[in-house]
Protein chains: 2
Amino acid sequence: MTDRKVTAELAAWIVALTDADIPAEVRREGVRTFVNWLGCAVGGADHETVDAALRAVSPFSGPREATVLGRTERLDPLHAALVNGISSHVLDYDDTHLKTIVHPAGPVASALLALAEHREMSGTTFLTALIVGVEVECRLANAVYPHHYDRGWHITGTAGVFGAAAACGKVMGLSQQQMQWALSLAATQSAGLREMFGTMTKSFHPGAAAQNGLKAALLAEAGYDSSLQGIEALRGWANVTSEKQDYDEVLGELGSRWEAALNSYKPYACGIVIHPTIDGCQQIREEIGADRVAQIAGVQLYTHPLVRELTGKTTPQTGLEGKFSVYHSAACALLRGDGAPTAFTDEVVRLPEIIALRDKVQAETDPAMHEASVRIVVTFEDGSTLEKYVERALGSLERPLSDEQLEVKFTDQAALVVGADLARDLLAHAWKIESVDPAAIARASVPATARAEAS
Amino acid sequence: MTDRKVTAELAAWIVALTDADIPAEVRREGVRTFVNWLGCAVGGADHETVDAALRAVSPFSGPREATVLGRTERLDPLHAALVNGISSHVLDYDDTHLKTIVHPAGPVASALLALAEHREMSGTTFLTALIVGVEVECRLANAVYPHHYDRGWHITGTAGVFGAAAACGKVMGLSQQQMQWALSLAATQSAGLREMFGTMTKSFHPGAAAQNGLKAALLAEAGYDSSLQGIEALRGWANVTSEKQDYDEVLGELGSRWEAALNSYKPYACGIVIHPTIDGCQQIREEIGADRVAQIAGVQLYTHPLVRELTGKTTPQTGLEGKFSVYHSAACALLRGDGAPTAFTDEVVRLPEIIALRDKVQAETDPAMHEASVRIVVTFEDGSTLEKYVERALGSLERPLSDEQLEVKFTDQAALVVGADLARDLLAHAWKIESVDPAAIARASVPATARAEAS
C-alpha cells in the first residue's frame, strides 16, 4: 500500500499536458512509432487471424465510420480498434519498449486512429495523444515489471488498456476526475494471459486493450463513474496483479523523463528475444557464404533464459509456431538470411532443408547473458568452429533502426498486402502525421480498387 | 501445475450435455434463477448507471436486434449483454452462489438472452445453456476461492466470463475444440477489481463478463483459435490469478453435483454480508414496535470480518454508498423495516432520523462468526438491553426465498420501472421460460408505450 495519489497525479499530468510540453525529439520518436505501427497493421491485414476476427464481430458492427487498415471492410470505431490492434501485432513485428517487452503502439494507436474517424482531430492532437498514451502504458508497465510479467500477464494487454484510455481521454478533453475514472475503468478491464502465446489470441490482447481503453474513455466522458485510485488502491490494479509496485516509475520525472522516447522497432518479424540470434546468424551467413552454411554440423546458442521459455518450440508446424522457435529462426537466418514475414510462413517452416538445419541447432541457457545478447558457436563438418558474440541486436536502443530502415520495413510488408504504389504513398502520408488529418491516413490504407468503388 | 486436462474435460462435458441430463430440481432452480435475474434487470433498468452506459455505447451499436430490458432503447446483442448485465447488478439485488459470493446469473443470462434475440432458440435450449453457464462459472469460482477473491478480484466478473462463454457456446453448438478456445478466450479476458465497489464500475463487471463471454464464443465459432488449456496451464487463468487451484472443484462429480442448484436470492437490495443484520433488525422492530425503536441508545453488531471490510462506510452520502454501509442498513431496518431498493435511495440515506440512529450503530468483528450470521445487542435509553442472534439470514440456503417471496420481490422492483401490470405479465412469462420463446420475454419487458409505437 502507498499513501501516494498515483491515479490522481497521473491523471492531472495527462489532462494538463500541452503539445508544446513534449520535446521535439520525443515527438520525432512518436512519428517513428506511428509509421512503424501503421506498416505493421497494414502488413498484417490479410492474415487469417484478422479474417477470423472480422467474421466474428462484423455482424455486430455499429455505424461503419472507421477503416479496417489495409482492407476494404469498415467497422464502428470500437470494433475497428479491436481489429486494427490485432493486425498490428499478428506478425510479431511491432514496436517494443525494451525495459518491459511492452509493444506500445498497438493498444494506443489502434484506439486513437479509430477515434479520429469518429471525431475530428488534428494531426498534432493525434501525435500528442499517441505519445501520452505510450508514456502512460510504459510507465505503468515499469511499475510492475518484471513480477507482473513473470506471474503470467501479457503486459502489452494489461498495461496497454491504460495507454489507450489515456490517449483517447486526452483527445476527448476529459476533466481530471473523468480521467481518473477512465484510468480505473481501464484498470478493471486489464487482462491477457501469456498462455495464449503461439495462438491467434496473443494478437487479440493489444486489440482488446485498444477497444476496452477507448470504451473506458467513452464511459468516463458519459459520466460513468469509477474509483479515483484504481491503480494504487489496496485492491487496485498494481496490488492485485503484481507483488512489485514501484510508483516512482509512474510519477517520477513526469514530463522530463520520456519512456515514449525509448521505443524500438523490430527488424525481424518475431518475438524480440530471438533477434540477437537472427542478427548473429545473418552476420555469420554474410561472412562465410551459402556454400559454407551447407557444411554446418551443429549450432550452439547461449542465450538469456527467456529465450527458451518464450521461443523454445523445437518442431514448429506452422508459420506462427515458427515465430516461437529460436531453432527455426536460426536455421532460416543461416540458410536464407531471412527474418522478415517471409521467414515465418507455413511453407518455409516445413521446408526439408530448413528442418534439417533446425534440428542441428541447440540452445543453452546462460543466466549471465543479457536479453539483447547471444553467443553463437557454429561447428562445421570438418570439425572447425566459428564463434559470434552479439552484444546488442539490430533494433535495440544501442543499434536503432534508421528512418531508411524503417521505410524499407514499412514498404516490404505493406506492399505484400496493398501493393507497392499504395504502400509508398501511405508511407509518405504517415511521416507527415503532424500536419495531416489522421482519418485521411486511415482511409489512404485501403486498397485502390475498394476506394474507387466507394467514391 | 497439474497434468489434468481441465479445459479439455470441462469443454467435453459442456458439449456432450443434453437437456435430459439436467435433473428436474436443477432445472427448477434454473427457472428461479432466471425469474430473479429478470426482475433485477428490469428493476435496475432506470438507474442512472444504466443511463450513463447507454449514453456511452449506444452511438456505436450495431443492428439493434436486442432489447435493453425494461427500457425503450435497443442495442446489438454484444452491447445489450453489457447493459443488461449492468442493470441486473446495479441494485445489488441479484442472485448469489454463497460459497464464493459469485452473482451467477448476471454474466450468463445477460449474454444468453441477447444472443436469443440474434439467433432463434427454444426456451428449453435457453434454460439448459443458462444452467450450464452458471455451473461452469461457479465451479471455476470454487476452484480459486477464497484466495482469488482475497487478492482483490471481483469474482462475479472474473468467473462470470467463463459462464457466459460456456452458455453461448453451448447454444451455438461449438465443437469440443472450439469450446476449449472459447473458455481460453474467456480466461484471457477475465477481469474486474474489488476496488471498484461503491462505484458504477462494480455493475460494469457482470456486464463486461457477459459481453466478453459472448464475444469469446463468437470468435471461437468463427475459427479464431486459442489455447487448449487456458484454465490450468502454467500461465493460464487459475495459476495467474490465484494461489489456490482446486481442480476437483471444476471436474469432480460433473453432472451429479450441481452448483447451479445452490443458487440463492437476496431478500434485501444490498451486499449479501449485510443481510443477517437487516434480517435481525427487522425481527427486532417487529418484536418491540416503532415506539420502542425510538428509545434505542446504541446498537452493537458482532459480525464476520468481511462485513466491515466490504460494508464499513460509516457516513454514506448516496443511496449507492448506503448499500456499502452496515450502519445505514441496520438503522433503516430498525426505523422503517426496509431492506428493499427503497431503503437505498439518496433521499433516505440523508434523512436526519436515519442518520441519528445510524450514528448509534457500532460493528465489531468476530472472526468466529459465520458470514451468514450476526449477533445484535441493542441498548435502550433506560439501560435495558435486547439481544438477537441470527444464525442464517432469510435468503440463505437454509432459509431460501419461496416462489411466492420471489414473486413479491420481482413485482415490487419491476413495477417501479415498468408499472404493475407489465411486471405481473412479465413474471407470468418468465416462470414459463421452458415453453416460450426467450426473445419474446425480452421484448415483453419493454414499457407498453414503446411497444405500441413500435408495432
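The values are calculated or read from the model by the stated rules, or taken from the named source; none is laboratory data. In this text the structure is predicted, and so the values were computed from the model without any measurement. Every residue, glycine among them, receives a Cβ derived from its backbone with ideal geometry; neighbour counts consider all protein chains shown. Protein only, heavy atoms only, side chains kept; ligands, DNA and RNA dropped before computing areas. Shrake-Rupley method; radii C 1.70, N 1.55, O 1.52, S 1.80 Å.
How many percent of the alpha carbon pairs in the stretch B:205-360 exceed a separation of 18 Å? Walk me through the numbers on the way to the answer.
Details: 8400 of 12090 pairs.
When all Cα pairs of the stretch B:205-360 are counted, 69 percent exceed 18 Å.
Comparing the chain by itself with all protein chains present, which residues of the stretch A:213-245 are at least 50 Å² less accessible (probe 1.4 Å)?
A:215, A:219, A:222, A:224, A:225, A:235, A:240
Measuring label to label, 7 Å along Cα→Cβ, what does residue A:403 give against each other copy in nm, shortest first?
List, nearest first: 7.7 nm.
I'd like the antiparallel share, as a percent to the nearest 5, of DSSP beta bridges with both residues in the stretch A:291-446.
On the way: 13 of 18 bridges.
Percentage antiparallel, nearest 5: 70.
Using 1/(1 + (r/R0)^6) with R0 = 25 angstrom and r between the beta carbons of residue A:435 and residue A:402, what's the FRET efficiency to the nearest 0.05? If you can, show how the numbers build up before the last one.
Working: r = 22 Å, r/R0 = 0.89.
Calculated value: 0.65.
In Å², what does the accessible area per residue of the protein assembly as shown work out to with a 1.4 Å probe? Could you put the intermediate results ahead of the total?
Values: 28810 Å² over 910 residues.
On a per-residue basis, 32 Å².
Heavy atoms only, probe 1.4 angstrom, no DNA, RNA or ligands counted: give me A:344, B:197 ranked by accessible area, highest first. Let's see the in-between values first.
On the way: A:344 15, B:197 40 Å².
Correct descending sequence by accessible area is B:197, A:344.
Could you tell me how many cubic angstrom of Cα convex hull volume the protein assembly as shown has per residue?
Details: hull volume 143.8 nm³, N = 910.
With only Cα atoms used, the protein assembly as shown gives 158 Å³ per residue.
Suppose we keep just the DSSP beta bridges with both residues in chain A; what percent of those would be antiparallel, to 5?
Values: 19 of 25 bridges.
Among the beta bridges of chain A, antiparallel pairing accounts for roughly 75 percent.
At 7 angstrom along the Cα-to-beta-carbon line, where would the label on residue B:382 sit relative to the other copies? Give the distances in nm, shortest first.
Copy-to-copy label distances at residue B:382, shortest first: 11.3 nm.
Which order do A:374, B:417 take when ranked by solvent-accessible area (1.4 Å probe, heavy atoms of all protein chains), largest first?
Values: A:374 0, B:417 35 Å².
Ranking A:374, B:417 by accessible area, largest first, yields B:417, A:374.
Taking beta carbons within 10 Å but only from partner chains, what does the mean come to for residues A:54-66?
Values: counts 2, 6, 10, 7, 2, 9, 14, 6, 12, 4, 1, 2, 1.
If you average over the peptide's residues, the count of other-chain Cβ atoms is 6.
Rg and Dmax of the stretch B:6-265 over Cα atoms: what are they, in angstrom?
My reading of the Cα-based Rg and Dmax gives 16.3, 46 Å.
With a 1.4 Å probe and all protein chains kept in place, how do A:253, A:117, B:309, B:259 rank by accessible area, largest first? List each step's numbers first, then the result.
Values: A:253 115, A:117 25, B:309 95, B:259 0 Å².
Order by accessible area, largest first: A:253, B:309, A:117, B:259.
If you count only protein heavy atoms and use a 1.4 Å probe, how large is the accessible surface of residue A:354, to the nearest 10 Å²?
0
Taking amide H positions as placed in the peptide plane 1.01 Å from N, state which residues far from residue A:297 in sequence (5 or more) or on other chains have amide H under 5 Å from it.
It is A:379, A:380, A:381, by chain and number.
Could you run the numbers on buried accessible area between B and A, total for both chains, 1.4 angstrom probe, in Å² to the nearest 100? Can you show the working numbers first?
On the way: alone 16810 and 16820 Å², together 28810 Å².
It comes to approximately 4800 Å² buried between B and A.
So how strong a dipole does the stretch B:310-368 carry about its Cα centre when Lys and Arg Cβ are +1 and Asp and Glu Cβ are -1, to the nearest 20 debye?
Numbers: 6 positive and 8 negative charges, 8 e Å.
Computed about the Cα centre, the dipole is about 40 debye.
Ratio to report: Rg/Rh of chain B, with Cα atoms as the point set and Rh obtained by the Kirkwood method; give two decimals. Intermediate values should be presented prior to the final figure.
Details: Rg = 21.6 Å, Rh = 22.0 Å.
Reported Rg/Rh, Kirkwood definition of Rh: 0.98.
Among all the aspartates and glutamates, which ones have a C-alpha under 18 Å from residue B:432's C-alpha, if same-chain residues fewer than 8 places away are not counted?
Partners within reach: B:19, B:25, B:29, B:117, B:120, B:403, B:404, B:407, B:421.
As a test question: what accessible area, to the nearest 10 Å², does residue A:429 have when a 1.4 Å probe is rolled over all protein chains in place?
Accessible area of residue A:429: about 70 Å².
Given a Förster distance of 41 angstrom, what is the FRET efficiency for residue A:21 paired with residue B:315, based on the Cβ-Cβ distance and rounded to 0.05?
Calculated transfer efficiency: 0.55.
Across the stretch B:272-390, what fraction of all alpha-carbon pairs, as a whole percent, falls in each successive 10 Å bin from zero upward?
Pairs per bin, as whole percents: 15, 52, 30, 2.
As a quick test, which of the pairs A:170/B:215; B:202/B:313; B:5/B:99; B:99/B:244 have an alpha carbon distance above 18 angstrom in this structure? All intermediate terms of the calculation are to be shown ahead of the outcome.
Values: A:170/B:215 28 Å; B:202/B:313 16 Å; B:5/B:99 25 Å; B:99/B:244 15 Å.
Violating the 18 Å Cα-Cα cut-off are A:170/B:215; B:5/B:99.
In nm, to one decimal, how far is the residue B:421 label point from the residue A:2 one, both placed 7 Å along Cα→Cβ?
Between residue B:421 and residue A:2, the label points sit 5.9 nm apart.
In the protein assembly as shown, what percent of the accessible surface is made up of carbon and sulfur (1.4 Å probe, ligands and nucleic acids excluded)? Walk me through the numbers before you get to the answer.
Details: 14040 of 28810 Å².
The computed percentage sits at 49.
Run the label-point distances for residue B:257 please: 7 Å along Cα to Cβ, every other copy, nanometres, shortest first.
5.0
Assign unit charges at the C-beta atoms only (+1 for Lys and Arg, -1 for Asp and Glu), then state the dipole size of the stretch A:1-142 relative to its Cα centre in Debye, rounded to the nearest 20.
Numbers: 12 positive and 19 negative charges, 26 e Å.
For the stretch A:1-142, the charge dipole is close to 120 debye.
For residue A:292 and residue A:443, compute 0.36 nm times the residue count separating them, minus their Cα-Cα distance, and round to one decimal in nm.
Working: separation 151, 0.36 × 151 = 54.36 nm, distance 4.82 nm.
Contour length minus Cα-Cα distance gives 49.5 nm.
Normalised by the number of residues in chain B, what is the relative contact order in percent for Cα pairs under 8 Å and 6+ residues apart? Could you put the intermediate results ahead of the total?
Working: 991 pairs, mean separation 92.4, N = 455.
Reported relative contact order: 20 percent.
Where does the charge balance sit around residue B:159 when Lys and Arg score +1, Asp and Glu -1, over other residues with C-beta under 10 Å from its C-beta?
Numbers: positive: B:139; negative: B:137.
Net charge around residue B:159: 0.
Distance from a point 7 Å along Cα→Cβ of residue B:353 to each backbone N in the stretch B:311-339: keep the residues under 15 Å and list them by number.
B:331-338
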